[in-house]
1. Among residues belonging to the range 98-121 that are of a type in the set (D, E, K, R) and modelled with pLDDT of 95 or more, point out the one that is nearest to the chain's Cα centre (by Cα).
2. Give the range 11-38 a look and list any residue that's under 22 Å from residue 107 (Cα atoms), modelled with pLDDT of 95 or more, over 16 Å from the mean Cα position of the chain (by Cα) and surrounded by fewer than 17 Cβ atoms within 10 Å (Cβ to Cβ), or say none.
3. Filtering the range 131-150 down to residues that are touching a residue at least 60 places away in the same chain (Cβ under 8 Å) and either within 17 Å of residue 107 (Cβ to Cβ) or out of contact with any Gly (no Cβ under 9 Å at 6 or more places or on another chain) (or both), which residue is surrounded by the most Cβ atoms within 10 Å (Cβ to Cβ)?
4. Take the residues in the range 151-164 that are surrounded by 14 or more Cβ atoms within 10 Å (Cβ to Cβ) and not polar (S, T, N, Q); name whichever of them is farthest from residue 83 (Cα to Cα).
5. Scan the range 149-166 for residues that are part of a loop (DSSP other than H, G, I, E, B) and not β-branched (Val, Ile, Thr) and jot them down.
6. Can you tell me which residue in the range 1-36 is farthest from residue 94 (Cα to Cα), limited to those that are among the β-branched types (Val, Ile, Thr) and outside any loop (DSSP other than H, G, I, E, B)?
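The values are calculated or read from the model by the stated rules, or taken from the named source; none is laboratory data. Not measured: the values here are computed from a predicted model. Cβ: placed from backbone, ideal geometry, glycine included. Neighbour counts: every protein chain shown.
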Amino acid sequence: MSALPPGFHTRLVKPGEAALLHETMLRCWRGTVAENSSAYRETPESIGKQLERGAAVFLIEGEAIVGSGRLHPVPGPADDPREWVELKRIGVLATHRKLGLGAPLVAALEAEARDRGAAGAQLGVRADQPRLIRFWSSLGYTLADDVQLHTVNPLTPPPTTMRKRF
């Protein structure tokens, strides 16, 4: 697991924290992710429903939440009947980017997925953010054109999909 710099830690989002998770995601995404993202149509209620089956992690500096990410159960590749997860809505506040926090945040999500028995993780990279493909590749994710995402945005071009087996 990637190490966090001193002063940072991660923790699972607790039941009842969907509104805080929603607020954190919006703080991380506004000004970075295009307004046509389906994330902006989510509500604390819809996130709470997702958390009933999935999980989320907060990235914290001291007492302040500076990032978050989620996972949700999804079907894996056709040759693997085990449960997989989709990693989604991962973000770090603009003031905390380029500090090496992304990889440890992903590692915390992957650890939770493994603890839940997932065989691997899948994700989609927005077509307007191709630079993220290099980031995900550096974490062991490979291109996969058969990924079934939990949510698909009909307002945007199809994402580049990637997968990592644990």
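1. So in the range 98-121, the residues of a type in the set (D, E, K, R) come out as 98, 110, 112, 114-116.
Cutting the leftovers down to modelled with pLDDT of 95 or more gives us 110, 112, 114-116.
Numbers: 110: 10, 112: 12, 114: 15, 115: 16, 116: 16 Å.
Of everything passing the filter in the range 98-121, 110 is nearest to the chain's Cα centre (by Cα).
2. Hit for the range 11-38 is 14, nothing else.
3. 144
4. Here is the first cut: in the range 151-164, the residues surrounded by 14 or more Cβ atoms within 10 Å (Cβ to Cβ) are 151, 153, 156, 159-164.
Then keep just the ones that are not polar (S, T, N, Q); that gives 159, 162-164.
Working: 159: 22, 162: 16, 163: 13, 164: 13 Å.
Ranking the candidates gives 159 first.
5. Of the residues in the range 149-166, the ones part of a loop (DSSP other than H, G, I, E, B) are 149-159, 166.
Selection gives 149, 150, 153, 154, 155, 157, 158, 159, 166.
6. So the first thing to find is which residues in the range 1-36 are among the β-branched types (Val, Ile, Thr), and the list is 10, 13, 24, 32-33.
In the following step, the residues that additionally are outside any loop (DSSP other than H, G, I, E, B) were identified as 10, 24.
Numbers: 10: 18, 24: 12 Å.
Checking each candidate, the answer is 10.
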